[in-house]
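**Student:** I'd like to ask some things about the structure below.
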Amino acid sequence: MEHKWKMSWTKEQARSLALRYGLALVSVGAALGVSLAFTHFNLPQPFGAFALSAIAITFWYAGTAPGIFAAVLSSIVRDYLFESDTSAESRILFDLAFLVFAFLMTRVARVRNQLELRVAERTAELTGRLRSQHTNRAKVSWSQSHLNRVTWRRRIPNSSKAELRYAMLSGPQPRLTSRA
């Protein structure tokens, strides 16, 4: 059986995907490492806070899917390494906290992406306006220099220069003729 389509992965896409999910693994691993260091020195164990930080970092820099992966991974690490002897209700509530936080971070990431899109659109619009202003200034500059050459050659009085400048900048004017 031959497939009609094939997935075309480029090296950049595969590398981007590996980096995004790698950030999830590294951030949760760093949270685990710091929490284990805290338990080694008999300090209060804040894996939940470190895990939430890892989830937030992953959502912010890697995107939604790696962020959800970091939330699930943090939940698994917490359930099996740190609080394996707690009740099922406690685990479910803490996992629910991870889930709610992941949902909130999904919303934050979506709003950030929408804002970035609006900023990009506005930047493109302002760039277009700036280019048109430069074009208009170039036209005015050319018209002014042309006007100076014409008036210098013909020695037109200053009052007529203003009329000529207006005529050059505004373009051809319609002639009004009266019916006699």
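**Student:** Search region 70-92 for residues being hydroxyl-bearing (Ser, Thr, Tyr) and outside any helix (DSSP H, G or I), and hand back the single one that is surrounded by the most Cβ atoms within 10 Å (Cβ to Cβ).
**Tutor:** Among them, the one singled out is THR86.
**Student:** Right, next: What's the total number of residues in region 25-56 that are of a type outside the set (Gly, Ala, Ser) and closer than 15 Å to GLU83 by Cβ?
**Tutor:** Looking only at that region, the number is 9.
**Student:** Sticking with this structure for a sec: On the basis of being of a type outside the set (Ser, Thr, Tyr) and within 25 Å of ARG107 (Cβ to Cβ), does ALA37 make the cut?
**Tutor:** Judged against the criteria, ALA37 is not a match.
**Student:** What's the number of the condition GLU12 fails, among (1) out of contact with any helix residue (DSSP H, G or I) (no Cβ under 6 Å at 6 or more places or on another chain); (2) within 27 Å of VAL100 (Cβ to Cβ); (3) in a helix (DSSP H, G or I)?
**Tutor:** Single failed check for GLU12: (2).
**Student:** Name every residue in region 36-64 that is buried (at least 21 other Cβ atoms within 10 Å of the Cβ) and among the aliphatic types (A, V, I, L, M), in order of residue number.
**Tutor:** ALA51, ALA54, ILE55, ALA62
**Student:** Here is a check on your reading of the model: is LEU147 of a type in the set (A, V, I, L, M, F, W, C) and modelled with pLDDT under 60?
**Tutor:** Considered against the rule, which asks whether it is of a type in the set (A, V, I, L, M, F, W, C) and modelled with pLDDT under 60, LEU147 comes out as yes.
**Student:** In the list GLY33, GLY67, which residue meets the criterion of being within 27 Å of the chain's Cα centre (by Cα) and either surrounded by 18 or more Cβ atoms within 10 Å (Cβ to Cβ) or at pLDDT 90 or above (or both)?
**Tutor:** After ruling out the rest, the residue left standing is GLY67.
The values are calculated or read from the model by the stated rules, or taken from the named source; none is laboratory data. What you see is a predicted model, and the numbers here were worked out from it, not measured in a lab. Ideal geometry is used to build each Cβ from the backbone, glycine not excepted, and the neighbour counts take in all protein chains shown.
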